[in-house]
């Protein structure tokens, strides 16, 4: 699939010399783990006994009837421990950290799910843990910050730059440079320098391998299309990995924000606002200006507003192996509401981007065709954002009441 970290022209490892030995050590540990016949079975046992895998593939009977087109199946990563697909990657990397004999882990997080998963893994394995999170994301994902700290992690609010995910990544790399001997950086998505895109995909591929077996058992045939939201690309690569050798259309859905012509979005593969560049140690499409300065991004979801994207997905786009679309904030909120009312499912705002695109396309497909949507996370973490979007008066009254109580203390 690649030549030492390259996928077509994308990928690589553009590193300061001080980090080269650390990345060599990580790559050697990863390759040794893959070659060890006991490693994958140990990983699968851990995910089964600790994280609750396999997650179900749910036939969305009511949504299927509502749209009158393709049969809609939903891969339930929201039922994975910590409420998202993130645990698949961090538990695998935790096993690698043990093999390398390191005692501290650091991570970046946007939506907070990766941070919670990393803090959970650190508690499980007994590692010291520091999480870097942009100040903007700390504010909109306060419940996840609370849980990270209760799990024993130190959460650092990053006030540099645009104060979102890319700035958190920069801070995590600065930490790693200073603490390489004792610390492993648990990168949360299929981005960054080699071997991270391959390694994260390796652990997340458990999603697609399960989904492939499940759709064959339930539907008796391959799906016509599979849908996943795309921030960095870990849940998309996870689902897509199960169908790469099949004639299944792979559809990635980015954050359309206020619209692709608004300048307020986070679409790198669908919009015309991105160009190829090198940043944060790898080559891919970035939202950047003509001088190579990173642009501000926007999404209603904290987890999709990254300026870059997985080099593997960039290669898939340019080679035609995958198609990329974008869903606007309004379409995403509507998709969350419809999923709740029709199926009793509350997808995370990130995942709801995939739902929104699938809902546009399912009605135009045949009743004997099937699609899979990756519900990569659960929506309870988004209660503040969703309640604001619905302009819920009872929720507003509750928040004001809580604030008044705190004032009186």
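The values are calculated or read from the model by the stated rules, or taken from the named source; none is laboratory data. Note that the structure is predicted; figures quoted are calculated from it, not measured. Positions of Cβ are backbone-derived with ideal geometry, glycine not excepted, and every protein chain shown enters the neighbour counts.
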With criteria (1) exposed (fewer than 15 other Cβ atoms within 10 Å of the Cβ); (2) assigned to a helix (DSSP H, G or I); (3) outside the structural domain of residue 376 (by TED's automatic domain parsing), residue 65 comes up short on (3)
Filtering the range 49-62 down to residues that are farther than 14 Å from residue 210 by Cβ and in contact with a strand residue (DSSP E or B) (Cβ under 7 Å, 6 or more places away or on another chain), which residue is surrounded by the most Cβ atoms within 10 Å (Cβ to Cβ)?
60
Evaluate the following for residue 218: is it modelled with pLDDT of 95 or more, surrounded by 19 or more Cβ atoms within 10 Å (Cβ to Cβ), not assigned by TED's automatic domain parsing to the domain that holds residue 23 and not in a loop (DSSP other than H, G, I, E, B)?
no
Mind checking which residues of the range 244-272 are closer than 15 Å to residue 330 by Cα and either outside the structural domain of residue 213 (by TED's automatic domain parsing) or in a strand (DSSP E or B) (or both)?
253, 254, 255, 256, 257, 266
Do we have any residue at all in the range 11-24 that's modelled with pLDDT of 95 or more and within 30 Å of residue 224 (Cα to Cα)?
yes
Among (1) assigned by TED's automatic domain parsing to the domain that holds residue 172; (2) surrounded by fewer than 22 Cβ atoms within 10 Å (Cβ to Cβ); (3) farther than 24 Å from residue 207 by Cβ, the one test that residue 132 misses:
(2)
Scope the range 365-405; condition surrounded by fewer than 12 Cβ atoms within 10 Å (Cβ to Cβ) and within 28 Å of the chain's Cα centre (by Cα); matching residues:
391
Positions within the range 139-163 being closer than 19 Å to residue 304 by Cα, surrounded by fewer than 24 Cβ atoms within 10 Å (Cβ to Cβ) and in contact with a strand residue (DSSP E or B) (Cβ under 7 Å, 6 or more places away or on another chain), in sequence order
145, 157, 163
Reported set for the range 216-246 where residues are over 17 Å from the mean Cα position of the chain (by Cα) and under 20 Å from residue 357 (Cα atoms) is 222, 223, 224, 225, 243
If you scan the range 68-112, which residues turn out to be in a strand (DSSP E or B), more than 22 Å from residue 352 (Cβ to Cβ) and in contact with a helix residue (DSSP H, G or I) (Cβ under 6 Å, 6 or more places away or on another chain)?
105, 106, 107, 108
If I filter the range 187-203 for residues that are surrounded by fewer than 19 Cβ atoms within 10 Å (Cβ to Cβ), over 20 Å from residue 279 (Cβ atoms) and in contact (Cβ under 8 Å) with a residue 12 or more places away in the chain, do I get at least one hit?
no
